[in-house]
Every structure is written in structure tokens, then in C-alpha cells.
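These notes are about the structure you will find just below.
Read-outs: derived from the displayed coordinates by stated rules, not from any lab. If you're wondering where the values come from, they're calculated on a predicted model, not measured in any experiment. Cβ placement follows ideal geometry from the backbone for every residue including glycine, while neighbour counts extend to all protein chains displayed.
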Amino acid sequence: MKILHIISQSPDFTGSGKFIREIIRQSTRNNHENYLVAGSQADFEMSRALIAKDRCIFVRFDGKDLDYPIPGMSDVMPYQSSVFSKLSKHDMAAYKKAFKNKIQQAITRFQPDILHTHHLWVVSALARTAALKIPMVTTCHGTCLRQHYLCPDIGRQLTKDLQRIDQIIALSRDQKQNIVKTIGADPLNINVISGGYNQVHFFYEPKKFDGIVDLVYAGKLSSAKGVPWLLKSLDRIRDLPFRLHMAGSSSGREKQVCLKLAGKLGSKMVYHGPLSHDKLGELMRRSHIFILPSFFEGLPLVLMEALACGCRIITTALPGVKEIFGTDHNTMVKMINLPELKTIDTPHEKDKGDLENLLAKTLKHSIESVLGNEEPDIDYICSATGQFTWEKVFLRIEKVYAGLLPEKRN
């Protein structure tokens, strides 16, 4: 099967970038041919180990194909980026023209059997109009639904084309409901499949303990991810023997706010910047607790990665998280219920103090569990992560492909 993969942003270490890299890797292992169209920074280079250079076409930003920085699917990205809601009409027209041309070039060169796009947003709508006769699958990562909320004028222009996508992959049941609500898609064409984790980089090893409890946060340094909330909560329990490792980045004011708050923890905080999968796996395997205090997520794959490495989990009880874990687990998973939010990813000011107290209390309990020499529950780790390997996830995606191309099932 010949699969043309299309994504609007860099296929790097962002959530959707990680997803598309793993899908291409699994697709190659299953003897499919792959071609990639992606947005990228001007100097981005794809690893040849993933896909050959002559099987990629990039829409390059930062003064190459387009003059401005690449628009992120979130308004805060781990690299310099534009924001869709602030693009001028001229910039948006140029964006659409550049992607449409590259998609058409790829279709002409590759003659794909299937289009697999990512995000129910501008580029997927362009791909649908460019190739009405080629079966198309689109994975929703959640951030695209937030863009519909933030940019309703753009979203309304896309709805008709997005409704013509043959099959949509949702990462959770809650996300499926939101897709139906947001773009009016037929629920019979939406498949709940989830995402996965890479067992090569994320696996369990017995943990060493030197009297300091190692905590990890990995992701964008932003308010929507709850990083200021986490740092303020830790400041309340700074008398405990912990060390926070922060992996990831962002740009602009949000990064500076997070790093300023982190600086108050002094030697109790280590900032690693962006890490490769290999280095992040190493960090998780030697750490005890992973925290994801996010106010908005689709399906946070980083939780599976951390759990597979034996980390206890502290996270917010978002719908995608609850679909992964169900409920709390006495020793391994603690979920914090959020109050009604002011916006899709921002709490009310009046609730921030209570949230800091609640997270500080939860962190304290988990740190004390590690200090009490409670061992990770290996049976739970295996049962919770087993269905989320990329091998199993891709088999489910492959069934969606096959349903659109029945003659190619064998």
C-alpha cells in the first residue's frame, strides 16, 4: 500500500510529530510505501533512518517558501512559531497556496493509495479538495479542535471539506464526541484508536534511590500545560527531599515565566531543554514520579512513556487521561479533578490557590510513598501499558486503511 502522510507542522518532538514518525516507522516495517508532506522550519532535516530524502516534500517557513514562522497547532510551541488567530489574510492565502502546491506535487509523483493527514484543520481540508478520489484518513490530536474554538471564522470555512474526509481517527471517546460537535462529522466514520509509546526507548528498570526523590515534567513550558501551577505547588513543599527535572521548551513570554518560577527552586530544579526519545527514556527510568498538570490534552502519550519506565503518575483528570487509566491506582496513578475552567485551557483566578494546595498535597503524598520505599507495581504497569505499544496501535490503524481499500487487504 502506498501511503502519503501529511502534517502541517514539523515532524519533530511535538505530540503529533512523534505520532507521525512512529506511524511511518510502523508502516515501513509492515511493507507499505511511504511519502511525507510536512511544514517545517527553514533548516529542518528529516532523519534518513525514518524516510528517504526523495520521499519528502517540505513547506519551509522562516523566509523560504513562506516568510513568517511556522504556525503551531497550539498557540505556544517549543520553537519560534506564529499563531493562526493572528495571521493576516495575505499570510493565510500564502499558507494555503504553498501547502496545496506541495500536496499536489506529492500526489503526482507518488500516486498514493491512501492519504493519512493529521489535524482536522487547514491542511487536511486542502488535502481533501486536492484529491477527492483518493481515500483519506485524518488523525485528530485534539489541538485542532482547540483551533476551531480559537479561530471560529477559519473553522467555518473548513467544515464542509473536513466533513468529506472518509475516515477520522480519534484518540479517545470524549474526543470523538467533540469532533462530531465541532465539525459535524458522521460518528460512524470516526474510529477511536488512541496513540502509543515506543518500547525501545521507554521500558522498566529497577530504580536507584539516593535519598532524593526525582520528579519529571516533560512537555511545553506553558500555562496551558500547568507548568506555573506545578512550580508554585512545589515551592510550598520545598522542605521535602525532591529534585524536579524539566524537559521541553517553548518560546516567548511563557517560557520566561516558567523559567523564572523554576529558578525559585534553586538546586531542587534541573532544566534539560528538549530531549530526544532516547534521552527522555533514560531520564524517566531513573526518576520516581512523573507529573502532567495540564489543563488541556488530547491523549497524552507521555503518560504511557513514563508509566512504562516505572514512574508514578500525577496528572489532571482530563477525559483522555481517564480513558487511559480509568480511575486512580493506589500507588501508581493519582488524578486531580479540575474545577470548571474559564476558557478551554485556563482556570479561574479564584481557583488557583486551591489548585496549588491540592497539587502540593498530592505531590507530598507521592514523595512520601517513595521515601517509604514503596516499590512500583510492575503488574499494573504491564497491564496498563500493554495495549498502547505502537505495534498494536498501527494494526488498528491498518484496519482503517484496509476498510477503504478492500482489494488490498491481502
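In deg cm²/dmol and to the nearest 500, what is the mean residue ellipticity at 222 nm of the chain if only DSSP H runs of at least 4 residues count, each as -39500 (n - 2.57), divided by the residue total?
Working: 14 runs with 166 residues, N = 410.
Computed mean residue ellipticity for the chain: -12500 deg cm²/dmol.
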So which lysines can K89 reach, going by Cα to Cα under 26 Å and dropping same-chain residues fewer than 8 places off?
-> K64, K97, K100, K102, K160
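Cα gyration tensor of the range 226-358, axes a ≥ b ≥ c as square roots of the eigenvalues: rounded (a/c below 1.5), prolate (a/b > b/c) or oblate?
Note, shape of the range 226-358 comes out rounded.
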Quick one: putting +1 on the C-beta of Lys and Arg, -1 on the C-beta of Asp and Glu, what dipole do you get for the chain around its Cα centre, in Debye to the nearest 20?
-> 900 debye
Please give the contour-minus-distance gain from E374 to K208: 0.36 nm per residue of separation, less the Cα-Cα distance, rounded to one decimal in nm.
-> 58.5 nm
Classify the chain: rounded, prolate or oblate, from the alpha-carbon gyration tensor (a ≥ b ≥ c, eigenvalue square roots; a/c under 1.5 rounded; otherwise prolate if a/b is larger than b/c)?
-> prolate
Please work out how much length the chain gains when fully extended from D351 to K64, using 0.36 nm per residue of separation minus the C-alpha to C-alpha distance, in nm with one decimal.
-> 98.8 nm
Among L338, L303, what is the fewest-to-most ranking by other Cβ atoms within 10 Å?
-> L338, L303
Measuring from its Cα centre, the range 306-394 shows a charge dipole (+1 at each Lys and Arg Cβ, -1 at each Asp and Glu Cβ) which, in debye to the nearest 20, is 140 debye
How high is the relative contact order of the range 273-410, given as a whole-number percent (alpha carbon pairs under 8 Å, six or more residues apart)?
-> 21 percent
Which lysines have a Cα lying under 28 Å from the Cα of K260, excluding residues fewer than 8 positions away in the same chain?
-> K86, K220, K225, K232, K268, K279, K334, K342, K350, K352, K361, K364
Once a ≥ b ≥ c are taken as the square roots of the eigenvalues of the Cα gyration tensor of the range 286-410, is the result rounded (a/c under 1.5), prolate (a/b larger than b/c) or oblate (a/b not larger than b/c)?
-> oblate
